[in-house]
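Following: one structure in structure tokens, then a few remarks.
Taken together, the values in this text are just the output of simple stated rules run on the coordinates, not laboratory data. This one's a predicted model, so the numbers in the text were calculated from it and none came from an experiment. A quick note on method: Cβ atoms are made from the backbone with ideal geometry, for glycine too, and the neighbour counts reach across all protein chains shown.
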Amino acid sequence: MADELQVPTRWRRVRLLDHVDLPSGQVDPRDPQYRSQPLVAPNHIESQTGRLLALESAESQNAISGKYTFSAGDVVYSKIRPYLRKAILASFDGLCSADMYPLRAKTSVEPGFLLALLLGEEFSSFAESVSMRTGIPKLNRKELGSYHARLPPLGEQRKIAAILGAVDEAIARTQAVIEQVQVVKKGLMQDLLTRGLPGRHTRFKQTEIGQIPESWSAVRLGDVLDGIDAGWSPKCANHPAGNGEWGVLKVSSVSSGIYKPEENKMLPDDLIPKPELEVRPGDVIIARASGVLDLVGVCSFVYKTRPRLMLSDKTLRVRPNRTLLDSFYLALTLQSPVVRSLVLEKATGSHMRNISQKAIGSVTVALPSLDEQVKVSSGIMAMDARIDNDTRSVESLTELKSALMSVLLTGEVRVTPDEESAS
């Protein structure tokens, strides 16, 4: 490994474990000294990003087996399934699973640089190559000890860590906005779909689907639809359709509640497509069948789609009577907890759960005026647009970080250390 690495001027080729300390023993998480401390396991860490997803105490996780301790400033790395690239730079003291290594940087290594190194392509490729044996892939100490890293001067390490850290902070800020908008959207939808626009209604009535504004109607969904279209499922290629090719949607294209046009299979050239089943912007599509009950009847609104994608027989297109029901409002209604529970009650089948067109049409829904529907839809669509824009920003920042890591961790692009960190 060492002979394969080329190092830039003033960088060194070093054995990683000569520059970090590994734990020497484990502690009992049931001990009063440790049970209230945070316990980090691989499932608490997001793949590839260095982001901690959850923080729970050892006691709340009912931990009983031995754990390692770590301190703020340590890098905690998951040694199982190294292809997932899970590691964090700890900002607190705590415990970690025995499936993780708490790595403490010596004075020759900047902790933030160590985190970047462990998440980088070169180390990850090494870890994957030596851990692929029977059972769960795992990087043991001997294998870790054989790794030699490119190590720049400390000032450059700090500058590299600062650059990558700034991108991480931008990603974290944007993700926080996305999560907050999603929380606000969920609460707002609950109010808008049951009480209407703020300040518009003062009188309410009780119906079979709960309390709704007095001016609204409780109607059978089928009475405000123009129809429901079923798809087809011919024997398709086991890969997505390319540009200009016809494809058939998989149920996974809608079962998350977000339309994913990439989830499709290519229609073979010897089969004639059915243009009447082509998905178009503005469509409301339901997952008709699934092996998982909670996914039956899940609805997605099609904001945009590539051409030549057709409904499968496990999906349904619900077409509203546009003089009575706005398409996006229909999607919101089908996504609401009250209607979701009514749909699930009507699901049939044991192994593969199904919802019929008749059952969907029989569901009772609350119907405001078309004017109010459109205003509600506009507000929620604006929030969706914000979430979509911010999500694309996160994707762009993530790509930027990956590109920066590839050139900064190899020395392909050199950085100038800040004066105060150059020593």
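Using Cα springs under 10 Å in a Gaussian network model of the chain, which residue among 28, 270, 388 shows the largest mean-square fluctuation?
Most flexible of the set in this elastic network: 270.
Residue 106 versus residue 396, label points 7 Å from Cα toward the beta carbon: distance in nm?
That separation, rounded to one decimal, is 4.3 nm.
Contact order normalised by length for segment 127-266, with contacts defined as Cα pairs under 8 Å and 6 or more residues apart; what percent is it?
Rounded, it is 11 percent for segment 127-266.
What order do you get for 274, 205, 67 when you list them from fewest to most C-beta neighbours inside 10 Å?
On the way: 274 15, 205 11, 67 25.
Lowest count first: 205, 274, 67.
In nm, give the distance between the simple-model label positions of residue 378 and residue 132, each being 7 Å from the Cα along the Cα-to-Cβ direction.
Simple spin-label model gives 5.6 nm for this pair.
Can you tell me the dipole magnitude for the chain around its Cα centre, using point charges on the Cβ only (Lys, Arg +1; Asp, Glu -1), in Debye to the nearest 20?
Computed about the Cα centre, the dipole is about 660 debye.
List the pairs from 79/142; 186/346; 186/358; 274/304 whose alpha-carbon separation is above 23 Å, in the order I gave them.
186/346; 186/358
Fewest first, what order do 372, 263 take by the number of other Cβ atoms within 10 Å?
Least to most surrounded, the residues fall as 263, 372.
What number, rounded to the nearest 500 deg cm²/dmol, is the helix-based mean residue ellipticity at 222 nm of the chain, given -39500 (n - 2.57) per DSSP H run of at least four residues and division by all its residues?
-10000 deg cm²/dmol
Please report the spacing between the Cα centers of segment 33-57 and segment 238-272 in Å, no decimals.
37 Å
Give the residue from 212, 233, 378 lying farthest towards the positive end of the charge dipole for the chain; charges sit on Cβ (+1 for Lys and Arg, -1 for Asp and Glu) and the dipole is referred to the Cα centre.
233
Pick out which of 97, 215, 78 has the largest mean-square fluctuation in a Gaussian network model of the chain, springs linking Cα atoms closer than 10 Å.
Evaluated over the chain, the most mobile residue of the options is 215.
So in segment 2-151, what percent of DSSP beta bridges are antiparallel if you round to the nearest 5?
90 percent
Tell me, in nm to one decimal, what length is gained between residue 226 and residue 13 on full extension, where the rule is 0.36 nm per residue of separation less the Cα-Cα distance?
Stretched out fully, the residue 226 to residue 13 stretch lengthens by 69.7 nm.
Helix 154-195 versus the longest principal axis of the chain: what is the Cα-based angle in degrees, 0 to 90, to the nearest 10?
It works out to around 20 degrees.
Defining a contact as two alpha carbons under 8 Å apart and six or more residues distant in sequence, what relative contact order in percent does the chain show?
Working: 789 pairs, mean separation 66.2, N = 423.
Rounded, it is 16 percent for the chain.
If you average the alpha carbon positions of segment 327-346 and of segment 348-377, how far apart do those two centres end up, in angstrom?
Their Cα centres are 5 Å away from one another.
First measure r as the distance between the Cβ atoms of residue 215 and residue 170, then evaluate 1/(1 + (r/R0)^6) with R0 = 30 Å and state the FRET efficiency to the nearest 0.05.
0.05
So how do 74, 326, 229 line up by other beta-carbon neighbours within 10 Å, fewest first? Please list the in-between numbers first.
Numbers: 74 25, 326 21, 229 16.
In order of increasing Cβ crowding within 10 Å: 229, 326, 74.
Any idea what the dipole of segment 10-118 comes to, in debye rounded to 20, about its Cα centre with Lys/Arg Cβ at +1 and Asp/Glu Cβ at -1?
The dipole of segment 10-118 has a size of about 580 debye.
Rounded to the nearest 20 debye, what is the charge dipole size of segment 119-231 about its Cα centre when +1 sits on each Lys and Arg Cβ and -1 on each Asp and Glu Cβ?
440 debye
Using a Gaussian network model on the chain with a 10 Å cutoff between Cα atoms, which of 175, 373, 33 fluctuates the most?
In this elastic network of the chain, the residue with the biggest mean-square fluctuation among 175, 373, 33 is 33.
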